[in-house]
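Please read the structure below before turning to the comments.
The values are calculated or read from the model by the stated rules, or taken from the named source; none is laboratory data. None of the values given here were measured: they were computed from a predicted structure. We place every Cβ from the backbone using ideal geometry, glycine too, and count neighbours over all the protein chains shown.
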Amino acid sequence: MQVKVSVKNGSRFALQVAALCVLAYLPAFNNGFISDDYVILGRLDSLRHDPFCLFNEPPECFRLTSYICFGILRFFFGYHAAWYYGFNLILHLANSLLVWKLVSRLSGSAQSGMLAAMFFATVYGHQEAIMWLAAMNETLLGFFLLSCLVMWETRRTAYSVFPYVAALFSKESALMLIGLLPWFDRLSENREHQARRRFAYCLIVLVSIAFLALFFVLVAGNFMLTAGTYVFGFHAVLVFLLSMHRLLFPWVYLAVAILLAQKLPLQSIGSAALHGLGFAGVALVPYIFLTYQNHITSRQQYMASVGIAWSLAILVQSFKARSWRTVFVLAFVVANIGYIWIKKDAHFEQRAAPTNELIEILRDTPPQDLYLIDFPSNPWIAKNTSRLVPGWKTEFIHVNETLPQPAASLQFRWDPIAGSYFR
């Protein structure tokens with residue numbers, strides 16, 4: 001079914017979604033760089049001298065688009081983190097608008113597409129992908145995969161291979177497309193010429209095979225696999241179920257409860273909503289083999305949130321009265337944005353504290369050898385903070401090394417309880 005929205009109404013809604021995105025994630029703009037952001041910034045110099053150096057550090061080679069974006073942003077804006085957050089927020093806005101277009105076409109309802117975009121733009125569940133710059137690979141993955149799916153749906157199937165390649169070098173979980181496309185075709189009313197579709201499928205499969213070959217060649221050096229961070233096993237079932245529950249709670253459960261209270265025919269509504277849940281389930285699968293916790297992290301929920309927003313939009317669109325829909329959407333937006341502002345921003349400020357406080361120390365201290373004790377993260381994170389303060393160099397900062405003599409050397413110890421350094 002073709003879904004048409006006037007240019008005027010479409011532009012107005014796009015501005016509304018942009019306002020929601022900015023309102024939700026404005027607190028992140030003053031947080032500065034956080035932990036692994038500094039590792040990426042430090043590797044940019046190595047990339048400039050050796051464009052293939054990331055292939056010696058898998059899986060970083062499968063985050064290539066993030067490094068390209070960081071490099072371009074550093075070239076134009078230096079080490080002003082707010083510009084990086086602005087770029088990542090623009091990516092999130094673009095993804096929200098792609099969700100609008102995709103769900104509108106697949107559901108045959110412009111209203112459902114709009115609801116899905118609003119839910120996706122403001123849900124707090126995937127906030128780490130927007131509020132942590134090192135997780136930009138997830139927003140980039142979302143942009144390229146959603147672009148690929150929109151192109152597939154709008155009869156540009158052969159061209160969809162280009163964003164797919166970009167998605168694969170944003171994050172290796174882009175292989176989820178192989179599971180999405182056949183199921184996607186069953187939902188779509190796009191009945192493109194079969195020969196053209198077969199050609200497009202062949203391109204996608206060939207690219208996937210080539211990528212898998214590269215992935216397995218580099219497996220021995222992939223610390224995510226060799227260190228046991230990801231292991232194939234039955235624990236993945238528990239991770240999948242808990243992760244899906246966290247995505248559904250509380251809003252999908254609440255929407256279902258409202259439909260039950262209104263005695264609406266759940267069978268037909270649920271069938272349509274299951275399409276979104278199926279999308280979410282496929283998007284979760286690449287991540288469920290982690291071993292360090294029993295559910296996937298916030299940033300890894302980003303693509304799965306597309307399916308949840310889709311499903312929730314179908315459920316809410318089915319409410320009997322418009323007033324119920326309005327109240328539900330307002331409650332969703334206010335509660336999620338409020339949680340990001342009150343709870344999640346404080347969490348990211350806490351994560352940024354060891355480096356932000358170190359930068360203040362460097363600004364107040366003439367460049368010299370400085371020794372850090374009990375720094376809570378990768379030593380290169382501390383060393384690379386020197387890039388933000390003129391005169392300081394990475395070799396001046398010594399992290400958790402043997403203390404020098406005499407004892408008068410400049411030394412600072414991190415106190416995790418106080419959240420600050422002391423001499």
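Pairs only if they're at least six apart or on different chains, beta carbon under 8 angstrom, first in segment 124-146 and touching a residue at least 40 places away in the same chain (Cβ under 8 Å) and within 17 Å of Val165 (Cα to Cα), second assigned to a loop (DSSP other than H, G, I, E, B) and among the charged types (D, E, K, R); list them, first residue then second.
Pairs found: Asn137/Lys171; Glu138/Lys171; Leu140/Lys171; Leu141/Lys171.
Kindly indicate which of Arg351, Arg325 is among the charged types (D, E, K, R) and either in the same structural domain as Phe396 (by TED's automatic domain parsing) or farther than 23 Å from Ala19 by Cα (or both).
Arg351
Kindly establish whether Ser170 is touching a helix residue (DSSP H, G or I) at 6+ places or on another chain (Cβ under 8 Å) and in a helix (DSSP H, G or I). Lay out the reasoning, then the answer.
Numbers: touching a helix residue (DSSP H, G or I) at 6+ places or on another chain (Cβ under 8 Å): yes; in a helix (DSSP H, G or I): no.
Judged against the criteria, Ser170 is not a match.
Got a number for residues in segment 272-311 being aromatic (Phe, Trp, Tyr) and either in contact with a strand residue (DSSP E or B) (Cβ under 7 Å, 6 or more places away or on another chain) or outside the structural domain of Leu133 (by TED's automatic domain parsing) (or both)?
1
Mind checking which residues of segment 7-58 are among the aromatic types (Phe, Trp, Tyr) and surrounded by fewer than 18 Cβ atoms within 10 Å (Cβ to Cβ)?
Within segment 7-58, Phe29, Phe52, Phe55 qualify.
I'm trying to understand the selection: among the residues of segment 124-155, which are among the acidic types (Asp, Glu) and more than 9 Å from the chain's Cα centre (by Cα)?
Across segment 124-155, the qualifying residue is only Glu153.
May I ask you to list pairs of residues, at least six apart or on different chains, whose Cβ atoms are under 9 Å apart, with the first in segment 195-210 being within 14 Å of Gly179 (Cα to Cα) and the second being not in a helix (DSSP H, G or I)?
Sorted first by the residue in segment 195-210, then by its partner, the pairs are Tyr201/Thr157; Ile204/Thr157.
What are the residues in segment 238-253 that are touching a residue at least 24 places away in the same chain (Cβ under 8 Å) and of a type in the set (A, V, I, L, M, F, W, C), if any?
Leu238, Val239, Phe240, Leu242, Met244, Leu247, Leu248, Trp251, Val252
Do we find a residue being over 17 Å from Asn31 (Cβ atoms), in a helix (DSSP H, G or I) and of a type in the set (D, E, K, R) anywhere in segment 360-372?
So far as segment 360-372 goes, yes, one or more of its residues are over 17 Å from Asn31 (Cβ atoms), in a helix (DSSP H, G or I) and of a type in the set (D, E, K, R).
So which of Ala210, Ala236 is within 30 Å of Tyr159 (Cβ to Cβ) and of a type in the set (Gly, Ala, Ser)?
Of the residues listed, the single one that is within 30 Å of Tyr159 (Cβ to Cβ) and of a type in the set (Gly, Ala, Ser) is Ala210.
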